Amino acid sequence: MLPFFLKLFTNDKPPPDDQELLRLYRETGEIGHLGELFQRHSEMVYLVCLKYLKDEDDSKDATMQLFEYLTEAARKHKISNFKSWIYVTAKNHCLMQLRANSRKPHVPLPEFAPELMEYHEPMHLTEGELTEKTEQVLRLALQELPPEQQKCITLFYLEQKSYKEIAELTACELNKVKSYIQNGKRNLKLYMEKHHEQR
């Protein structure tokens, strides 16, 4: 696939699971444990980056940037399912990069609130089924928002509008726009939590 230097960290011993490698890295700080963990999922990370960035070199760079980010994030964040976490983190990284470059990517509905994906870890679902189920729930959640929140969330995440542009389009004050987006995200997360508990 890719000539990742991370493959140097593999060995012939029965490999520990993801959570054990995370634990070992946190306890020892040895980059080899993290390298082995990331290498397992590096192909998926690269393909996610390629899907959004549409460029092989940019996707390779993004993949390595994510590994560099992981060296710090793995110490700071509680990660209960690494595959789900790195999948979401990779998508979010690419979307932020596209936004910084002032591009207008096609953003599927599930991506506008990637932190909500943590409630749908792929226990027994394929990634395709996971995305489909999440999209269905998010569409329902979006419909439950008050009109002002729904409008601002849609403009900000799906149409990549700035706060100022949204204020002009909706004739709302800038502080109101920020409040609608913040409250809308919170309401979406609460809806997802409730849905997760009912499963």
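A dipole drawn for segment 140-199 from +1 and -1 charges on Cβ atoms has a positive end, and of ILE166, PRO146, GLN182 the residue lying farthest that way is GLN182. Modelled label positions at LYS194 and THR71, each set 7 Å beyond Cα in the direction of Cβ, lie 4.4 nm from each other. With a Förster radius of 41 Å applied to the beta-carbon distance between GLU159 and GLN19, the computed FRET efficiency rounds to 0.60. Multiplying the residue separation of GLU168 and GLU30 by 0.36 nm and subtracting their alpha-carbon distance yields 44.6 nm.
Just so you know, all these numbers are worked out from the coordinates, no wet-lab data involved. These numbers were taken from a predicted model, which means no experiment stands behind them. A quick note on method: Cβ atoms are made from the backbone with ideal geometry, for glycine too, and the neighbour counts reach across all protein chains shown.
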